[in-house]
């Protein structure tokens, strides 16, 4: 009887193990879902393609193209992409989907943080959420008002519908109206913004924002530092524990009408599996669990 129970328990354990670390779906280049996304999720997308197609990372880099956040949403809505890896949709993107009669399904796949960057020459190390909102509303305009030097704050923004601008509006400002900066204070790319903070003539006056993975892993500059918010620095530990105030997720977004057995669904299920989350960790992202 004990032997039978032992066999049953072992079978249960093996079944559970198989469910958690199930074999990746089998794709060819022809059956692989059409994937698009943001700049910051490109490394994850490349590593997924290498794993799921059984090709080298160099081959995957040539195979995968991300067109940035807003174009990726447009491609999904226009039927040119099956699944996209992005930040949450903007109000304009949601309205466009509704006008086209398309319901979007957004599923978190990895964690990250929305971060503020300063030049290391700036003595300010931390701001409160309220101080950040006041700066971007134009209520605070000089660094001395927040413990810094007597210098004007140059607060950079991103273009409308870029992933980081949508996060800034939704996550940080929460409906508050941001000041309209001069065009030279709206860099087109995340790398351009970080470069302004890192090397611009008035870089010690600059304040900008990005996402942790991009600023820490993809476009790190020795002359910038992360700003603590409410005294908490964005680190892998504070992001994972969600103690940093502006913790975010990246989403897999697809049309809700996507069939259950489609390539896009199989792709999404793999990202959410234990093996998929381990791959995300090896790519440098913070997992969901």
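The values are calculated or read from the model by the stated rules, or taken from the named source; none is laboratory data. Remember, it's a predicted structure, so these values are computed and weren't measured experimentally. Cβ: placed from backbone, ideal geometry, glycine included. Neighbour counts: every protein chain shown.
Summary of values
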| read-out | value |
| --- | --- |
| Residues of region 218-246 satisfying the condition of being within 21 Å of residue 166 (Cβ to Cβ) and modelled with pLDDT under 90 | 218, 219 |
| Residue check for residue 163: under 27 Å from residue 196 (Cα atoms), at pLDDT 95 or above and surrounded by 15 or more Cβ atoms within 10 Å (Cβ to Cβ) | no |
| All helices (runs of 4 or more DSSP H) inside region 28-88 with 3 or more residues being buried (at least 19 other Cβ atoms within 10 Å of the Cβ) | 42-53, 69-77 |
| Lone qualifier among 195, 149, 131 - being surrounded by 14 or more Cβ atoms within 10 Å (Cβ to Cβ), at pLDDT 95 or above and assigned by TED's automatic domain parsing to the domain that holds residue 228 | 131 |
| Residue tally, condition closer than 21 Å to residue 224 by Cα and in contact (Cβ under 8 Å) with a residue 12 or more places away in the chain, over region 134-162 | 16 |
| Residue check for residue 279: assigned to a helix (DSSP H, G or I) and crowded, with 17+ Cβ neighbours inside 10 Å | yes |
| Any chance residue 96 is surrounded by 15 or more Cβ atoms within 10 Å (Cβ to Cβ) and assigned by TED's automatic domain parsing to the domain that holds residue 70 | yes |
